Amino acid sequence: MDLVEVVVGLDTSDATVARAEDFVRAIGKTSIRTKDRSGFIVNMLLVPYLMAAVRMYEDGFASREDIDQGMRLGAGHPMGPLTLCDFIGLDVLYAVCDSLYEEFKRPEYAPPPLLKRMVVSGHHGRKSGRGFYEYA
């Protein structure tokens, strides 16, 4: 990843932030600043999108392939949301959802029942060989 989220806590000094951003530049990455809260920037935006795809699949609204192809071809994303879920790891994604929901109590962060059943069943995505798709 080319991005590093620099988290600015309540007591983080400007000098510390500047030093962190200098380090990020030195390793050839780009930094963005965020407050210290669950999910930071990327996950707060990404998780509702991914959970909407999981709910859509869970409700039988569309096939996993059509959901993924729709976002690849219709929105120009490099991979579809269910493929991305598998890539992240369903167990990791579930933990992120749980953390976001616990802090903000917004329904868009709540992990859908299907995600929990998959995680409990050991379907963690690419790393386990099975998630929304099967992997060799």
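Since every read-out is calculated from the coordinates, none of them should be taken as a lab result. Owing to the predicted nature of the structure, the values given are computational and were not obtained by experimental measurement. Ideal geometry is used to build each Cβ from the backbone, glycine not excepted, and the neighbour counts take in all protein chains shown.
Observations
- Cα gyration tensor category, rounded, prolate or oblate, for the stretch 77-123 with a/c compared to 1.5: oblate
- Estimated FRET transfer efficiency (Leu45, Ala136; beta-carbon r; R0 35 Å; 0.05): 0.65
- Rounded, prolate or oblate (a/c below 1.5 giving rounded, otherwise prolate when a/b exceeds b/c) for the stretch 45-136 by Cα gyration tensor: oblate
- Separation of alpha-carbon centers, the stretch 95-130 and the stretch 1-43, rounded to whole Å: 26 Å
- FRET E, pair Ala26, Ala52, Förster distance 35 Å, beta-carbon r, rounded to 0.05: 0.40
- Cross-link partners for Lys35 among the lysines, with Cα-Cα distance under 21 Å and sequence neighbours closer than 8 places in the same chain left out: Lys105.
- Entry note, the chain: the mean residue ellipticity at 222 nm calculated from DSSP H runs of n ≥ 4, each adding -39500 (n - 2.57), is -16500 deg cm²/dmol after division by the residues and rounding to the nearest 500.
- Magnitude of the charge dipole, the chain, Cβ model with Lys/Arg +1 and Asp/Glu -1, debye to 20: 100 debye
- Pairwise FRET efficiency - Ala75 versus Leu3, Cβ, R0 = 22 Å, nearest 0.05: 0.70
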